[in-house]
Amino acid sequence: MSRTVDKLWNGREVAARFRTMVRERADAFRRRYGRRPGLAAVVVGDDPASLLYVAGKARACQEAGLYSEVHHLPATAAEEDVIALVRALCGESRVDGVLVQWPVPAGIDYERVVSAMDPARDVDGFHPVNTGVLWRGRPALVPCTPLGILALLRAYGVSPAGRRVTIVGRSPIVGRPLAGLMLLHDATVTVCHSRTTDLAAATREADILVVAAGRPGLIGPEHVRPGAVVIDVGITRVDGRPVGDVRTHEVAAVAAAVTPVPGGVGPMTVAMLLANTVEAAFAREEGRVPRSQVWLEAGDAVAGRWGA
Ligand code: NAD
């Protein structure tokens, strides 16, 4: 048992180190420009999980020395009202990053709302321009969960270059942008989804297996190549507790490493949101396009501290 525990990666610790770096850069920004990098979050409706996530992001901003504001619109808000708010926030001088918490109530087209954003302030990386430049191989702002996965891999000294990477899930938030980012980092990428016919055949090919299906316990040792690295993105509440898509301890018996749920990818996502906001702030002041990639490079510089 202790051997499998040794294989669990510590996303909390790596995320904490990124947050320290974010705080240092936010302080440098404040010294240089006389203000703090700012994030505005919009939440529409009263979904308890969304309200919790947004409150957590605002708290994380405060802890990292960022300015933050939260705009809570009622579930009855019209799509045009949400779009008008997003446009207004993108014009505010103290706001460097804007996000609209997913999901939005039925009747509001999330794609339209996101498209109304200034791509240079789109710290979730969901704007079609940011999606397009990622797939063209010239990333600007990259979605936080895929960025966090790359940062975690690099922190543990695992490069995707030349590796076979299988991604389970093709959502616009995780699976698709991660595929683009992995390609950019020279991986050979397979993307599986709900219509994939032989999932185990595809996942057993993987040197790095990333699972983002939202199906608790979907992946067992029979899906994993011995020695693979397994990244579990899934978070589903089962009896009030977060459960991943991977049967962690069973898989750890065959894998080289597994990320736990909770304490794996989740903390990295919030850290990368802060990182994207600070990068957007510097880029705006310096009159250039923001690049999330700078954080992967910054993380590399201290990766040796984090493990093999
Ligand atoms: P989603 O529901 O939008 O997409 C799920 C994807 O999984 C779909 O593409 C679907 O085709 C695929 N899928 C579903 N069942 C499958 C099966 N049996 N075999 C193969 N593919 C299957 O979900 P999402 O927004 O991408 O999130 C996925 C999971 O990751 C959820 O549990 C979510 O809570 C979690 N998540 C975690 C973080 C984090 O920070 N750790 C961030 C975002 C999402």
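Side notes on the structure shown:
- When the chain is treated as a GNM with alpha-carbon contacts under 10 Å, the residue of 248, 20, 259 showing the greatest mean-square fluctuation is 20.
- Rounded to the nearest 500, the helix-only mean residue ellipticity at 222 nm of the chain stands at -13000 deg cm²/dmol, with each DSSP H run of n ≥ 4 adding -39,500 (n - 2.57).
- Solvent-accessible heavy-atom area per residue, rounded to whole Å², over region 239-303 at 1.4 Å: 34
- When the trypsin sites (Lys or Arg not before Pro) in region 250-301 are filtered for DSSP coil states and for at most 15 other beta-carbon atoms within 10 Å of their beta-carbon, the remaining sites are 288.
- Treating each Cα of region 171-302 as an identical point scatterer and summing with the Debye formula, the log10 of I(q)/I(0) at q = 0.12, 0.15 Å⁻¹ comes to -0.54, -0.80.
- Take every DSSP beta bridge whose two residues both sit in the chain; close to 10 percent of them are antiparallel.
- For q = 0.20 Å⁻¹, Debye-computed log10 I/I(0) when each Cα of region 1-94 counts as one equal scatterer: -1.02
- Bridge type composition, region 204-299 - antiparallel percent by DSSP, nearest 5: 30
- Share of carbon and sulfur in the accessible area of the chain stands at 52%, probe radius 1.4 Å.
- For GluC sites (Glu not before Pro), the sites in region 1-101 that DSSP calls loop and that have at most 14 other Cβ atoms within 10 Å are 92.
- Cα centroid separation, region 94-127 to region 145-169 (Å): 25
- Kirkwood analysis of the chain, using all unique Cα-Cα pairs, places the hydrodynamic radius at 19.6 Å.
- Comparing region 67-188 with the 2.2 N^0.38 Å rule of thumb, its C-alpha radius of gyration ratio is 1.18 (two decimals).
- Per-selection Rg to Rh, region 133-203 - Cα, Kirkwood hydrodynamic radius: 0.96
- Region 131-235: trypsin sites (Lys or Arg not before Pro) in DSSP loop, at most 15 other beta carbons within 10 Å: 136, 195
- Against the chain, whose longest principal axis is taken from its Cα atoms, helix 144-155 shows a tilt of about 50°.
The values are calculated or read from the model by the stated rules, or taken from the named source; none is laboratory data. Predicted model only: the values in this text are computed from it and were never measured. Positions of Cβ are generated from backbone atoms using ideal geometry, with glycine treated the same way; all protein chains shown enter the neighbour counts. Please note that ligands, DNA and RNA were not included when accessible areas were found on the heavy atoms of the full protein model with its side chains. Shrake-Rupley method; radii C 1.70, N 1.55, O 1.52, S 1.80 Å.
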